[in-house]
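Report on one structure; see the data block that follows.
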Amino acid sequence: SEAELILDLLSAYPQLQACISFSCSDQQHIAHGQTLAEAISRVSESPQVIAAGINCLAPEWVTPLLESLDDPQVPIMVYPNSGEAWVASEHSWQGEKCGGFPVTEWYDRGARLFVGFCRTKVQTISHMLKELEQNSLNPS
């Protein structure tokens with residue numbers, strides 16, 4: 001599996017630590033075909049893996065993917081794209097950009113590291129931080 005290959009490679013460099021993220025093919029599976037829950041569970045077994053998560057995916061897939069995880073043993077990262085879809089045959093992005101990311105919802109479902117990916121901008125990250133500060137990071 002993809003997770004096994006990554007761990008094999010990482011074990012050759014015991015002095016290193018890594019954050020591992022997976023591209024997903026739908027709201028449950030990574031591109032290789034195994035479930036995200038299986039992949040994260042497997043990479044979490046390595047003391048070298050300090051975080052794991054999902055990258056370059058449609059924002060609407062994030063919540064179901066997070067909900068599929070059962071008590072992950074490492075911090076979870078989320079790297080959503082802008083919401084547009086890459087159409088390889090036309091070498092272009094198509095569709096609508098999302099209006100924002102529900103990072104409070106993602107935080108409530110266990111995500112702890114947030115980064116923008118394809119076609120997101122500095123302003124996107126700034127909005128994510130503001131939402132988290134207003135809703136999840138301030139003690140009540």
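The values are calculated or read from the model by the stated rules, or taken from the named source; none is laboratory data. This structure is a prediction, so every number in the text was calculated from the model and none was measured. We place every Cβ from the backbone using ideal geometry, glycine too, and count neighbours over all the protein chains shown. Just the protein is used for accessible areas: all its heavy atoms, side chains included, with ligands, DNA and RNA removed. Shrake-Rupley method; radii C 1.70, N 1.55, O 1.52, S 1.80 Å.
Points to keep in mind about this one:
- Filtering the range 98-109 to residues that are of a type outside the set (D, E, K, R) and either touching a His at 6+ places or on another chain (Cβ under 9 Å) or surrounded by fewer than 15 Cβ atoms within 10 Å (Cβ to Cβ) (or both) leaves 99, 100, 101, 103.
- Filter result (of a type outside the set (A, V, I, L, M) and part of a strand (DSSP E or B)) within the range 44-66: 53, 55, 56
- Taking each residue of the range 1-20 that is open to solvent by less than 60 Å² (accessible area, probe 1.4 Å) and looking for partners that are in a loop (DSSP other than H, G, I, E, B) and at pLDDT 90 or above with beta-carbon atoms closer than 7 Å, six or more apart or interchain, yields 7/46; 10/16; 10/46; 10/48; 18/48.
- On the stretch given as the range 1-36, residues that are more than 15 Å from residue 65 (Cβ to Cβ), hydrophobic (A, V, I, L, M, F, W, C) and assigned to a loop (DSSP other than H, G, I, E, B) total 2.
- Within the range 43-72, the set of residues being within 29 Å of residue 97 (Cβ to Cβ), small (Gly, Ala, Ser) and buried (at least 18 other Cβ atoms within 10 Å of the Cβ) comprises 51, 52, 53.
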